[in-house]
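Inspection log for the structure reproduced underneath, given as C-alpha coordinates.
The values are calculated or read from the model by the stated rules, or taken from the named source; none is laboratory data. Predicted model, so just to flag it, every value in this text is computed and none were measured. We place every Cβ from the backbone using ideal geometry, glycine too, and count neighbours over all the protein chains shown. Remember, those area values only see protein heavy atoms, side chains included, never the ligands or the DNA or RNA. Shrake-Rupley method; radii C 1.70, N 1.55, O 1.52, S 1.80 Å.
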Amino acid sequence: MNTLVTIDQQQQQLPVISPAQKLIEMAISSNADIDKLERLMAMQDAWEKKNAERDFLDAMSRFQAKCPDIKKAKKGHNYMYAPLSDIVAQVRELVAECGLSYRFEQQQENGCVSITCIVSHVSGHSSKTTLTSPPDTSGSKNAIQAIGSTVQYLMRYTFIGALGITTADE
(Lines give C-alpha, C1' and ligand atoms only; values in the text may rest on other atoms or scores of the structure.)
Protein backbone atom coordinates (compact mmCIF):
# COMPACT_ATOMS: atom_id res chain seq x y z
CA MET A 1 0.00 0.00 0.00
CA ASN A 2 1.44 3.38 -1.01
CA THR A 3 1.14 6.26 1.39
CA LEU A 4 1.42 9.78 0.08
CA VAL A 5 3.14 12.22 2.40
CA THR A 6 2.97 15.91 1.62
CA ILE A 7 5.92 18.23 2.11
CA ASP A 8 4.13 19.84 5.08
CA GLN A 9 3.76 16.44 6.77
CA GLN A 10 7.42 15.66 6.14
CA GLN A 11 8.49 18.97 7.67
CA GLN A 12 6.38 18.33 10.75
CA GLN A 13 7.99 14.92 11.25
CA LEU A 14 11.61 16.12 10.98
CA PRO A 15 13.26 17.38 14.15
CA VAL A 16 14.42 20.98 14.05
CA ILE A 17 18.21 21.16 14.29
CA SER A 18 19.73 24.52 15.09
CA PRO A 19 22.84 25.84 13.39
CA ALA A 20 24.60 25.75 16.75
CA GLN A 21 23.66 22.11 17.21
CA LYS A 22 25.32 21.23 13.88
CA LEU A 23 28.42 23.22 14.86
CA ILE A 24 28.57 21.47 18.24
CA GLU A 25 28.47 18.08 16.54
CA MET A 26 31.26 19.16 14.18
CA ALA A 27 33.33 20.57 17.06
CA ILE A 28 32.99 17.35 19.08
CA SER A 29 33.95 15.19 16.11
CA SER A 30 37.05 17.34 15.52
CA ASN A 31 38.03 17.38 19.24
CA ALA A 32 37.47 21.12 19.72
CA ASP A 33 38.65 22.70 22.97
CA ILE A 34 36.34 23.47 25.92
CA ASP A 35 36.19 27.24 25.21
CA LYS A 36 34.85 26.65 21.71
CA LEU A 37 32.32 24.11 22.99
CA GLU A 38 31.14 26.52 25.71
CA ARG A 39 30.63 29.31 23.14
CA LEU A 40 28.73 26.92 20.91
CA MET A 41 26.57 25.80 23.84
CA ALA A 42 25.82 29.46 24.67
CA MET A 43 24.82 29.98 21.03
CA GLN A 44 22.54 26.94 21.25
CA ASP A 45 20.93 28.26 24.45
CA ALA A 46 20.31 31.67 22.84
CA TRP A 47 18.77 30.00 19.78
CA GLU A 48 16.44 27.90 21.94
CA LYS A 49 15.38 30.91 24.04
CA LYS A 50 14.63 32.96 20.92
CA ASN A 51 12.50 30.15 19.48
CA ALA A 52 10.69 29.66 22.81
CA GLU A 53 9.88 33.38 22.94
CA ARG A 54 8.61 33.28 19.34
CA ASP A 55 6.42 30.26 20.17
CA PHE A 56 5.09 32.06 23.27
CA LEU A 57 4.21 35.20 21.31
CA ASP A 58 2.51 33.10 18.63
CA ALA A 59 0.47 31.29 21.31
CA MET A 60 -0.51 34.59 22.95
CA SER A 61 -1.57 35.96 19.58
CA ARG A 62 -3.77 32.91 18.95
CA PHE A 63 -5.20 33.12 22.47
CA GLN A 64 -6.08 36.81 22.16
CA ALA A 65 -7.63 36.32 18.71
CA LYS A 66 -10.00 33.66 20.10
CA CYS A 67 -10.55 34.96 23.64
CA PRO A 68 -14.12 36.13 24.30
CA ASP A 69 -14.90 39.36 26.08
CA ILE A 70 -15.55 38.31 29.65
CA LYS A 71 -18.98 39.38 30.87
CA LYS A 72 -19.27 41.20 34.18
CA ALA A 73 -22.02 39.12 35.77
CA LYS A 74 -21.47 39.53 39.53
CA LYS A 75 -22.89 42.46 41.46
CA GLY A 76 -20.52 44.40 43.68
CA HIS A 77 -21.17 47.59 45.62
CA ASN A 78 -22.81 49.77 42.93
CA TYR A 79 -21.02 48.02 40.05
CA MET A 80 -20.79 44.74 38.13
CA TYR A 81 -17.61 42.71 37.84
CA ALA A 82 -16.24 39.37 36.64
CA PRO A 83 -14.77 37.26 39.47
CA LEU A 84 -11.53 35.41 38.75
CA SER A 85 -13.33 32.05 38.89
CA ASP A 86 -15.73 33.18 36.12
CA ILE A 87 -12.87 34.47 33.99
CA VAL A 88 -10.86 31.26 34.37
CA ALA A 89 -13.90 29.11 33.61
CA GLN A 90 -14.41 30.97 30.33
CA VAL A 91 -10.78 30.74 29.14
CA ARG A 92 -9.44 27.53 30.71
CA GLU A 93 -9.77 25.37 27.59
CA LEU A 94 -8.42 28.09 25.29
CA VAL A 95 -5.38 28.63 27.53
CA ALA A 96 -4.58 24.90 27.34
CA GLU A 97 -5.33 24.71 23.60
CA CYS A 98 -2.72 27.42 22.98
CA GLY A 99 -0.09 25.57 25.03
CA LEU A 100 -0.21 28.16 27.80
CA SER A 101 -0.43 27.78 31.55
CA TYR A 102 -0.49 30.21 34.45
CA ARG A 103 0.32 30.37 38.11
CA PHE A 104 0.48 32.97 40.85
CA GLU A 105 3.16 33.92 43.33
CA GLN A 106 2.46 36.16 46.29
CA GLN A 107 4.63 38.13 48.63
CA GLN A 108 4.11 40.49 51.56
CA GLU A 109 6.60 43.23 52.24
CA ASN A 110 6.45 46.62 53.96
CA GLY A 111 2.75 46.19 54.72
CA CYS A 112 1.83 45.54 51.07
CA VAL A 113 0.73 42.45 49.18
CA SER A 114 2.27 41.66 45.78
CA ILE A 115 0.82 39.14 43.36
CA THR A 116 2.61 37.98 40.23
CA CYS A 117 0.80 36.09 37.48
CA ILE A 118 3.25 34.01 35.46
CA VAL A 119 2.06 32.87 32.04
CA SER A 120 4.19 30.11 30.54
CA HIS A 121 4.28 28.29 27.21
CA VAL A 122 5.08 24.61 26.75
CA SER A 123 8.27 25.60 24.90
CA GLY A 124 9.59 27.14 28.13
CA HIS A 125 9.17 30.90 27.76
CA SER A 126 7.31 32.81 30.50
CA SER A 127 6.06 36.32 31.08
CA LYS A 128 5.25 37.93 34.45
CA THR A 129 2.77 40.62 35.48
CA THR A 130 3.00 41.97 39.04
CA LEU A 131 0.75 44.31 41.02
CA THR A 132 1.19 45.53 44.59
CA SER A 133 -1.31 47.04 47.02
CA PRO A 134 -1.82 47.59 50.73
CA PRO A 135 -4.46 45.33 52.31
CA ASP A 136 -8.07 46.23 51.45
CA THR A 137 -9.38 47.47 54.81
CA SER A 138 -12.69 48.75 53.42
CA GLY A 139 -15.88 47.61 55.11
CA SER A 140 -15.58 45.70 58.36
CA LYS A 141 -12.83 43.24 57.35
CA ASN A 142 -10.44 41.85 59.92
CA ALA A 143 -6.70 41.81 59.10
CA ILE A 144 -6.75 38.39 57.41
CA GLN A 145 -9.86 39.21 55.37
CA ALA A 146 -8.21 42.46 54.23
CA ILE A 147 -5.21 40.52 52.93
CA GLY A 148 -7.45 37.87 51.34
CA SER A 149 -9.50 40.51 49.57
CA THR A 150 -6.36 42.16 48.24
CA VAL A 151 -4.97 38.83 47.04
CA GLN A 152 -8.19 38.13 45.12
CA TYR A 153 -8.26 41.59 43.54
CA LEU A 154 -4.63 41.38 42.51
CA MET A 155 -4.94 37.82 41.17
CA ARG A 156 -7.85 38.90 38.97
CA TYR A 157 -6.12 41.99 37.66
CA THR A 158 -2.74 40.33 37.05
CA PHE A 159 -4.45 37.42 35.24
CA ILE A 160 -6.41 39.80 33.00
CA GLY A 161 -3.31 41.90 32.36
CA ALA A 162 -0.94 39.01 31.72
CA LEU A 163 -3.25 37.43 29.12
CA GLY A 164 -4.60 40.66 27.60
CA ILE A 165 -8.20 39.81 28.50
CA THR A 166 -10.96 42.40 28.30
CA THR A 167 -14.15 42.52 30.32
CA ALA A 168 -17.46 43.87 29.07
CA ASP A 169 -20.78 44.88 30.55
CA GLU A 170 -23.58 42.34 30.09
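Just need a number here: residues in region 141-170 that are open to solvent by less than 60 Å² (accessible area, probe 1.4 Å) and among the aromatic types (Phe, Trp, Tyr).
Adding up the residues that qualify gives 1.
So, of the residues in region 103-140 that are open to solvent by 100 Å² or more (accessible area, probe 1.4 Å) and out of contact with any Ser or Thr (no Cβ under 6 Å at 6 or more places or on another chain), which turns out to be farthest from residue 54 (Cα to Cα)?
140
I'd like to check something: does region 99-122 contain any residue that is touching a residue at least 60 places away in the same chain (Cβ under 8 Å) and touching a Lys or Arg at 6+ places or on another chain (Cβ under 7 Å)?
No, region 99-122 has no match at all.
Can you name the condition, by its number, that residue 86 falls short on among (1) touching a residue at least 12 places away in the same chain (Cβ under 8 Å); (2) over 29 Å from residue 48 (Cα atoms); (3) touching a Pro at 6+ places or on another chain (Cβ under 9 Å)?
(3)
For the list (1) in contact with a strand residue (DSSP E or B) (Cβ under 8 Å, 6 or more places away or on another chain); (2) at pLDDT 95 or above; (3) farther than 14 Å from residue 163 by Cβ, I need the number of the one condition that residue 72 fails.
So residue 72 meets the others, but not (2).
Could you give me the residue pairs with C-beta distances under 8 Å whose first residue belongs to region 25-53 and is within 30 Å of residue 120 (Cβ to Cβ) and charged (D, E, K, R), whose second residue is assigned to a helix (DSSP H, G or I) and modelled with pLDDT under 80 wherever it lies, and which are 6+ apart or on separate chains?
Final answer for the pair search is none.
Considering only region 120-137, how many residues are more than 21 Å from residue 47 (Cα to Cα) and not charged (D, E, K, R)? Explain how you work it out, then say what you get.
Just the residues of region 120-137 that are more than 21 Å from residue 47 (Cα to Cα), to begin with: 128-137.
Narrowing further to those that are not charged (D, E, K, R): 129-135, 137.
The number of residues fulfilling the criteria is 8.
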